[in-house]
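This report concerns only the one structure given below.
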Amino acid sequence: AQSVTQLDSHVSVSEGTPVLLRCNYSSSYSPSLFWYVQHPNKGLQLLLKYTSAATLVKGINGFEAEFKKSETSFHLTKPSAHMSDAAEYFCVVSERTGRRALTFGSGTRLQVQP
Amino acid sequence: GAGVSQSPRYKVAKRGQDVALRCDPISGHVSLFWYQQALGQGPEFLTYFQNEAQLDKSGLPSDRFFAERPEGSVSTLKIQRTQQEDSAVYLCASSATSGSSILTGELFFGEGSRLTVL
């Protein structure tokens, strides 16, 4: 079975400061991991994904995440927050073998203060 | 179309009514998923289609939920005898990948249909 834990339901940062959204996963097999972003009244959009290549993954809008197998973590970071980054972020896991379904975390709401 | 289109965007139903939610995926996308997102939660898997075949319906919460994709493009999620606990946003997603590649491919999501059952 696979699961995802997003450690913070809300994160608030000031514009221009670093962003860290934490995610831990549990998986029986070698997982693929994703971060999706959901802006208000918009569809979920893929930020980045890890699928067993480089452990440091770069995504859109300056976001990146590092896969750490020893810590079972896949934290999302960005060096400098922008007001437009305010949204809900979901960490997602899928197993390479097994049912064709993504398992979503409960989400982290990012607020960016001016 | 340019993206995944869902309708209606908002639906209010009285308890016991039947509802139908439509998803028009990106043209040519083989795979189609339905997810249910309760307030303050992440999306939860309901069902998966590869073309017209429903390969996984293990996430459907009860036999009141039924999904179809008869021609391998547009899909409809039907909920019979709606209950208050069915209130949620129903998300549709499509992907160009299929088979084992679906596990690593990008899903394109619609904006969802928000169902409120009174």
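The values are calculated or read from the model by the stated rules, or taken from the named source; none is laboratory data. Here the structure is a predicted model, which means the values were calculated and not measured. Virtual Cβ from ideal backbone geometry, glycine too; neighbours counted across all protein chains shown. Just so you know, the surface numbers come from the protein's heavy atoms only, side chains and all, with ligands and any DNA or RNA stripped out. Shrake-Rupley method; radii C 1.70, N 1.55, O 1.52, S 1.80 Å.
A few points about this structure:
- Tally, over the range A:6-26, of residues that are away from chain B (no Cβ under 11 Å), open to solvent by 70 Å² or more (accessible area, probe 1.4 Å) and under 13 Å from the mean Cα position of the chain (by Cα): 3
- The range B:12-57, residues that are small (Gly, Ala, Ser) and either open to solvent by 60 Å² or more (accessible area, probe 1.4 Å) or within 22 Å of B:Thr82 (Cα to Cα) (or both): B:Ala13, B:Gly16, B:Ala20, B:Ser27, B:Gly28, B:Ala38, B:Gly40, B:Gly42
- Any hit, the range B:32-44, residues being small (Gly, Ala, Ser), in contact with a strand residue (DSSP E or B) (Cβ under 6 Å, 6 or more places away or on another chain), modelled with pLDDT of 90 or more and not in a loop (DSSP other than H, G, I, E, B): no
- Subset of the range B:1-11 [in a loop (DSSP other than H, G, I, E, B), open to solvent by less than 70 Å² (accessible area, probe 1.4 Å) and not hydrophobic (A, V, I, L, M, F, W, C)]: B:Gly3, B:Pro8
- Leading residue by the ranking (nearest to B:Phe65 (Cα to Cα)) among those in the range B:1-50 that are of a type in the set (A, V, I, L, M) and within 14 Å of another protein chain (Cβ to nearest Cβ): B:Leu46
- Test: B:Leu21 is touching a Ser or Thr at 6+ places or on another chain (Cβ under 8 Å) and either part of a strand (DSSP E or B) or basic (Lys, Arg) (or both): yes
- Search result, residues across the range A:67-91 that are in contact with a Leu (Cβ under 7 Å, 6 or more places away or on another chain) and either polar (S, T, N, Q) or within 14 Å of A:Pro18 (Cβ to Cβ) (or both): A:His75, A:Leu76, A:Thr77, A:Asp85
- Among the residues of the range A:30-56, the ones that are farther than 23 Å from B:Ser95 by Cα and at pLDDT below 90 come to 2 in all.
- Hits in the range A:39-56 (condition: assigned to a strand (DSSP E or B) and open to solvent by less than 70 Å² (accessible area, probe 1.4 Å)): A:Leu46, A:Leu47, A:Leu48, A:Tyr50
- In the range B:51-66, the residues that are within 14 Å of another protein chain (Cβ to nearest Cβ) and either among the small types (Gly, Ala, Ser) or part of a strand (DSSP E or B) (or both): B:Ala53, B:Gln54, B:Leu55, B:Asp56, B:Ser58, B:Gly59
- Flag if A:Tyr25 is part of a strand (DSSP E or B) and under 23 Å from B:Pro25 (Cα atoms): no
- Within the range B:61-91, the residues that satisfy the criterion of being open to solvent by less than 50 Å² (accessible area, probe 1.4 Å) and hydrophobic (A, V, I, L, M, F, W, C) are B:Phe65, B:Ala67, B:Val74, B:Leu77, B:Ile79, B:Ala88, B:Val89, B:Leu91.
- The residue list A:Tyr36, A:Tyr29, A:Tyr89 contains one member that is within 13 Å of chain B (Cβ to nearest Cβ) and open to solvent by 40 Å² or more (accessible area, probe 1.4 Å), which is A:Tyr29.
- Count - residues of the range A:57-74 that are modelled with pLDDT of 95 or more and either aliphatic (A, V, I, L, M) or crowded, with 20+ Cβ neighbours inside 10 Å (or both): 3
- Considering (1) at pLDDT below 95; (2) within 11 Å of chain A (Cβ to nearest Cβ); (3) surrounded by 14 or more Cβ atoms within 10 Å (Cβ to Cβ), the lone condition that B:Ser100 does not fulfil carries the number (3).
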